[in-house]
């Protein structure tokens, strides 16, 4: 079974990715930025495809954000 | 009372004021900071006389640039000052990054052994300048160092530069073939030539405080995002010599700079960092904003810009001073050859090409760091905080945490003037790469370092199996047609009587790093960058590569 990737998948290009992501939001108000992020999540989740991996990512992202957070251990 | 005793360097009235006709100088350097002084020493070591003009008469007031990277130390070693700097400096290679109270990760900059110089030392700029001044004074016939000589005019002609200089005793003019402008971020020469300094200002204010304390603090670089002990966005601590610590506070754009730079106020912040029980004494502080900017071109006729005069970056990543020293390393061997008439003036254009590329790399890294540290919109902050939240558990997110990408040597692979790579040689030392160091046994049978045998002149490194190969090489060096070519032979066991300078690869690291099968030959530029490499000894190929390199400005 495939697990959510934890190691660096950017092959040394992490800083360039982050710069690109921040640049994509330039000139957008908060609502439009929220919309961009939502679309991005949907596109990337579809690209991943594997429901188990997506579920793991959702749990990891949800962790610490309030009631109902799933129990995935982030400290392993 | 600070730990450093500032001394004034004596001003003496220049002879030109006495009415004597000004003699023409090959090189005038404006600015006696780390970059200008290093350039003077580098040129002097190559026999080129230069005159250094500085509007002040004292070393850097305040610690300013404190982090000196391995590549810079290798350059300083070539200039004969690194041993003193390393002895005085605080050596460090581990950085630790925290989010609030939690350590997110730590990094080790130089996990690999077999290098003479450490990954980084911290040493206050005033020591660096003092050591460089003292080294420059060892060249009394070549370096004319003039304090309280302020440049007030620069005029170019086809054949050179005419400089007007103001002193306490009046003004005079000088003529030079070349002028190196190393007069800092507020460069007078840049202003006098009316050159735009385009870039981006970051809306953030920082407070630097130097304090002396007898704390048993580690030498590691420690960086906090959203520290619990300070209201600001980030705090960075670095240890310097003399038990002086640099603490860097991110204040926010709306901070009142005038109020924050009051020592009492700054020390309140410091006490919250170090805790109540630690004795600490105020040394120096400064509130700063910064921008990333560079000149479009570093070479304007006979005026060459270097260091902060040519490019400025944010301090995170230590890319200002280290970038400036790489400018010196790149420029001076070229300038020396142009002044001596051994290369066309167009060779200086390769300095422009290679160092604007280096400056862009530094600006890119430094801008990314700043963007990460100073999110400007709600979504930027969410993304940044998302990275920090995941970084404790996800290694990929640790890679995105950006508190400074520390200065690494610039790679010049693919630039004109370097030979095409001979695909048959292993190792990472492709043309355009600054040479890795490695321990060797020197010709005198004593431990030495490879880089100590490279630099200031073109040097061939030949891997030889034995005496016969060494003799063949020694007998055919002249066929390269390079007047000042040095040749070192790398052997895996010491012969002691080779007709070449023999360096024995004590630990096998030269072979490993340079893919040094027997017969492999490297040609190294005077700035210790690999110019070309070949599977066999071919003096004609070496000569062609060197002549192409010297003419490469026309590419």
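Going by the structure shown, is residue B:297 within 30 Å of residue B:157 (Cβ to Cβ) and free of Cβ contacts under 8 Å to residues at least 60 places away in the same chain?
Here the answer is yes, as residue B:297 does meet what is asked.
Out of all the residues in segment B:386-402, is one or more surrounded by fewer than 16 Cβ atoms within 10 Å (Cβ to Cβ), within 13 Å of chain A (Cβ to nearest Cβ) and modelled with pLDDT of 95 or more?
yes
Please tell me if residue B:317 is within 14 Å of another protein chain (Cβ to nearest Cβ), at positive phi and touching a residue at least 40 places away in the same chain (Cβ under 8 Å).
yes
Residue B:230 fails exactly one of the following numbered conditions: (1) over 23 Å from the mean Cα position of the chain (by Cα); (2) buried (at least 20 other Cβ atoms within 10 Å of the Cβ). What is the number of that condition?
Condition not satisfied by residue B:230: (2).
For residue B:514, which of the numbered conditions (1) farther than 20 Å from residue B:74 by Cβ; (2) modelled with pLDDT of 95 or more fails to hold?
The number of the failed condition is (1).
On the given criteria, is residue B:536 in a loop (DSSP other than H, G, I, E, B), over 25 Å from the mean Cα position of the chain (by Cα) and in the same structural domain as residue B:456 (by TED's automatic domain parsing)?
Values: in a loop (DSSP other than H, G, I, E, B): yes; over 25 Å from the mean Cα position of the chain (by Cα): yes; in the same structural domain as residue B:456 (by TED's automatic domain parsing): yes.
In short, yes.
For every residue, the table says whether it meets (1) out of contact with any strand residue (DSSP E or B) (no Cβ under 7 Å at 6 or more places or on another chain); (2) surrounded by 19 or more Cβ atoms within 10 Å (Cβ to Cβ); (3) touching a residue at least 60 places away in the same chain (Cβ under 8 Å).
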{"position": "B:495", "(1), (2), (3)": "no, no, no"}
{"position": "B:498", "(1), (2), (3)": "no, yes, no"}
{"position": "B:505", "(1), (2), (3)": "no, yes, yes"}
{"position": "B:508", "(1), (2), (3)": "yes, no, no"}
{"position": "B:525", "(1), (2), (3)": "no, yes, yes"}
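Only one of (1) at pLDDT 95 or above; (2) surrounded by 19 or more Cβ atoms within 10 Å (Cβ to Cβ); (3) within 14 Å of chain A (Cβ to nearest Cβ) fails for residue B:371. Which number is that?
(1)
At least 3 residues that are under 26 Å from residue B:46 (Cα atoms) and within 25 Å of the chain's Cα centre (by Cα) in each: list the strands (runs of 3 or more DSSP E) lying fully within segment B:431-491 that qualify.
Because the criterion is at least 3 residues that are under 26 Å from residue B:46 (Cα atoms) and within 25 Å of the chain's Cα centre (by Cα), the strands (runs of 3 or more DSSP E) in segment B:431-491 that meet it are B:459-463.
When you check residue B:148 against the structure, is it under 24 Å from the mean Cα position of the chain (by Cα) and under 15 Å from residue B:31 (Cα atoms), yes or no?
no
From A:11, A:32, A:57, A:23, grab the single residue that is closer than 30 Å to residue B:405 by Cα and facing chain B (nearest Cβ under 10 Å).
None of the others qualify; the one that does is A:23.
Identify, by number, the condition in (1) more than 30 Å from residue B:40 (Cα to Cα); (2) touching a residue at least 40 places away in the same chain (Cβ under 8 Å) that residue B:459 doesn't meet.
(1)
Picking from B:422, B:527, which residue would you name as being within 19 Å of residue B:545 (Cβ to Cβ) and modelled with pLDDT of 95 or more? Talk me through it step by step, then tell me what you get.
Details: B:422 fails: modelled with pLDDT of 95 or more.
One residue alone meets the criteria, B:527.
Out of B:480, B:443, report the one residue that is more than 13 Å from residue B:521 (Cβ to Cβ) and touching a strand residue (DSSP E or B) at 6+ places or on another chain (Cβ under 8 Å).
B:443
Give segment B:98-108 a look and list any residue that's crowded, with 19+ Cβ neighbours inside 10 Å and not in a strand (DSSP E or B), or say none. Step through it out loud before you land on a result.
So the first thing to find is which residues in segment B:98-108 are crowded, with 19+ Cβ neighbours inside 10 Å, and the list is B:98-99, B:104.
Of everything in segment B:98-108, nothing turns out to be crowded, with 19+ Cβ neighbours inside 10 Å and not in a strand (DSSP E or B).
Yes or no, residue by residue, for (1) touching a residue at least 40 places away in the same chain (Cβ under 8 Å); (2) more than 32 Å from the chain's Cα centre (by Cα); (3) closer than 24 Å to residue B:95 by Cβ:
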site: B:223; (1), (2), (3): yes, no, yes
site: B:242; (1), (2), (3): yes, no, yes
site: B:246; (1), (2), (3): yes, no, yes
site: B:250; (1), (2), (3): yes, no, yes
site: B:256; (1), (2), (3): no, yes, no
site: B:263; (1), (2), (3): no, no, no
site: B:268; (1), (2), (3): no, yes, no
site: B:278; (1), (2), (3): yes, yes, yes
site: B:288; (1), (2), (3): yes, no, yes
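Would you check which residues across segment B:231-265 are under 30 Å from residue B:86 (Cβ atoms) and not in a strand (DSSP E or B) and list them? Walk me through how you get there before you give the answer.
First, the residues of segment B:231-265 that are under 30 Å from residue B:86 (Cβ atoms): B:234-249.
If the condition is that a residue be under 30 Å from residue B:86 (Cβ atoms) and not in a strand (DSSP E or B), then B:241, B:242, B:243 are the ones that fit.
Could you please find all residues in segment B:439-458 being crowded, with 23+ Cβ neighbours inside 10 Å and on the phi < 0 side of the Ramachandran plot?
B:440, B:450, B:454, B:458
Scan segment B:375-385 for residues that are within 34 Å of the chain's Cα centre (by Cα), surrounded by fewer than 21 Cβ atoms within 10 Å (Cβ to Cβ) and more than 7 Å from chain A (Cβ to nearest Cβ) and jot them down.
Selection gives B:375, B:376, B:381, B:385.
Which condition number does residue B:173 fail, the rest of (1) more than 25 Å from the chain's Cα centre (by Cα); (2) modelled with pLDDT under 95; (3) farther than 28 Å from residue B:47 by Cβ being met?
It is condition (3) that residue B:173 fails.
Do the conditions hold for residue B:159, that is, is it at negative phi and buried (at least 21 other Cβ atoms within 10 Å of the Cβ)? Even if it seems obvious, please write down each step before you answer.
Values: at negative phi: yes; buried (at least 21 other Cβ atoms within 10 Å of the Cβ): no.
No.
Exactly one condition in (1) within 32 Å of the chain's Cα centre (by Cα); (2) surrounded by fewer than 19 Cβ atoms within 10 Å (Cβ to Cβ) is false for residue B:298; which is it?
(2)
Listed here are the residues, each with its yes/no results for (1) within 12 Å of chain B (Cβ to nearest Cβ); (2) closer than 23 Å to residue B:391 by Cβ; (3) in a loop (DSSP other than H, G, I, E, B).
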residue	(1), (2), (3)
A:15	yes, yes, no
A:19	yes, yes, no
A:28	yes, no, yes
A:37	yes, yes, no
A:45	no, yes, no
A:65	yes, yes, yes
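When segment B:403-438 is examined, which residues are found to be within 14 Å of chain A (Cβ to nearest Cβ) and either crowded, with 19+ Cβ neighbours inside 10 Å or more than 23 Å from residue B:110 (Cα to Cα) (or both)?
B:403, B:404, B:406, listed by residue number.
Count, please, the residues in segment B:492-520 that happen to be outside any loop (DSSP other than H, G, I, E, B) and under 28 Å from the mean Cα position of the chain (by Cα).
Matching residues across segment B:492-520 total 7.
Going through segment B:539-555 one residue at a time, which ones are at pLDDT 95 or above and within 25 Å of the chain's Cα centre (by Cα)?
Once the filter is applied, which keeps residues that are at pLDDT 95 or above and within 25 Å of the chain's Cα centre (by Cα), segment B:539-555 yields B:546, B:549, B:550.
The values are calculated or read from the model by the stated rules, or taken from the named source; none is laboratory data. Given the structure is predicted, the values throughout are model-derived calculations rather than measurements. Here Cβ is always computed from backbone atoms with ideal geometry, including for glycine, and neighbour counts include all displayed protein chains.
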